[in-house]
Structures are given as structure tokens and as C-alpha cells.
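Please treat every number below as a calculation from the coordinates, not as lab data. No experiment lies behind these values; they were computed from the predicted model shown. Counting neighbours? That spans all protein chains shown, and the Cβs are built from the backbone with ideal geometry, glycine included.
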Amino acid sequence: MELFRVIYISRNLIPPSATEAEIGRILEASRRRNAALGVTGALLFSEGAFAQVLEGPLASVEEVFETIQADPRHREVVVLEAGRVPERAFPEWHMAYVGPGATPPSDCETGPGAPVLALLRRMARRAEAAEA
Ligand SMILES: Cc1cc2nc3c(=O)[nH]c(=O)nc-3n(C[C@H](O)[C@H](O)[C@H](O)COP(=O)(O)O)c2cc1C
């Protein structure tokens, strides 16, 4: 099966008071839909910005990414990478979450997802710095 990966960053529009509830909703929907569609990945949240990697069959990644792009909880979705990949970086995660109050799953830090997670962190830091 051909695998496709999209990595993007976006600006968070969720007010601080609603963060916990909204992130919970996003993760619940992500894990349910991504599992049904064969999409895996990781979502990094750092107050000002989101960075996310989505991987799976092209049609599934497109379907999920279209919904995400239309989501009013963020804006300025900028795609940093999109293309075919030989294997999944987050095979075990329908959506691993890294953010305040959440320790990244340890297999994401050491497994094939580690370099991608490091990239997400760098991008989120850059987006935060640009915001400041
Ligand atoms: C930053 C961000 C990341 C998201 N990631 C995903 C995702 O990986 N998969 C997904 O299905 N929905 C994701 N969502 C939520 C979708 O935009 C949408 O709300 C959700 O899929 C709707 O699902 P439902 O209609 O089945 O409840 C994300 C939303 C945001 C703001």
C-alpha cells in the first residue's frame, strides 16, 4: 500500500479557557476517524501554534486534511511537507498528542517517529517566535 505524509503548522485560535476541552474533542474525533481511515500521526500543541503529521493512504490523508483545513479552531494552515513515504513514523498512533500536560508516548520519542517529532517541535517553536 502506498503511504502518503503531510506535515503542516497552523496558528491556534482556541482561547486559553477552552483549550483543555477543545483539545480533548479534537483528539477524540481524530482517534475515531483516523482509525477508521487508516491514518496515523502526531499532533503537537504549544499555545500559539499547532504542528501535525498525518500519514496513511493518499485518499484517507486527503479526506482528513480537508476537514482539518476547514476547522475554525485554527487558521493559516501552512503545509511544510507532502509526499510519499516508505513507512509510517507513528505506526501505533492514530493521533499521538504532545502538548502542555501531556508527556509524549515514549515509543514516539525513541521509535521511527522521533525525528518527525523533533521536526514538529522545531516548527512549533519557530511559529511561536514569529508570533511574539
Ligand atoms: C489542529 C487540529 C488537528 C486535527 N486533527 C484531526 C485529525 O487528525 N483527524 C480528524 O479526524 N480530525 C482532526 N481534527 C478535527 C477535524 O477538524 C474535525 O473537527 C473532526 O474530524 C470532525 O469529526 P466528526 O465530524 O466525526 O466529529 C483536527 C482539528 C484541529 C483544529
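Assorted remarks:
- Along the chain, longest interval not containing exposed GluC sites (Glu not before Pro), exposed being DSSP loop plus at most 15 other Cβ atoms within 10 Å: 3-46
- Cα-based shape type of region 3-131, given that a ≥ b ≥ c are square roots of the gyration tensor eigenvalues and the cut on a/c is 1.5: rounded
- Zone residues, region 113-132, relative to residue 13, backbone N less than 11 Å from point 7 Å out along Cα-to-Cβ: none
- Within region 3-131, percent of DSSP bridges classed antiparallel, to nearest 5: 90
- Measuring r between the beta carbons of residue 31 and residue 85 and using R0 = 22 Å, the FRET efficiency lands at 0.55.
- Relative contact order, percent, the chain [alpha-carbon distance under 8 Å, six or more residues apart]: 38
- For region 3-131, the Cβ-based charge dipole about the Cα centre amounts to some 100 debye (Lys, Arg positive; Asp, Glu negative; other atoms uncharged).
- Build a GNM of the chain with springs between Cα atoms under 10 Å apart, and of 17, 30, 60 the one that fluctuates most is 17.
- Were the residues from residue 77 through residue 130 laid out at 0.36 nm apart, the gain over their Cα-Cα distance would be 17.6 nm.
- Spin-label model, residue 59 to residue 22: label points 7 Å out along the Cα-to-beta-carbon direction sit 3.3 nm apart.
- In the chain, the calculated helix contribution to ellipticity at 222 nm averages -13000 deg cm²/dmol per residue, counting -39,500 (n - 2.57) for every DSSP H run with n ≥ 4.
- Alpha-carbon centroids, region 79-102 and region 1-71: separation in whole Å: 9
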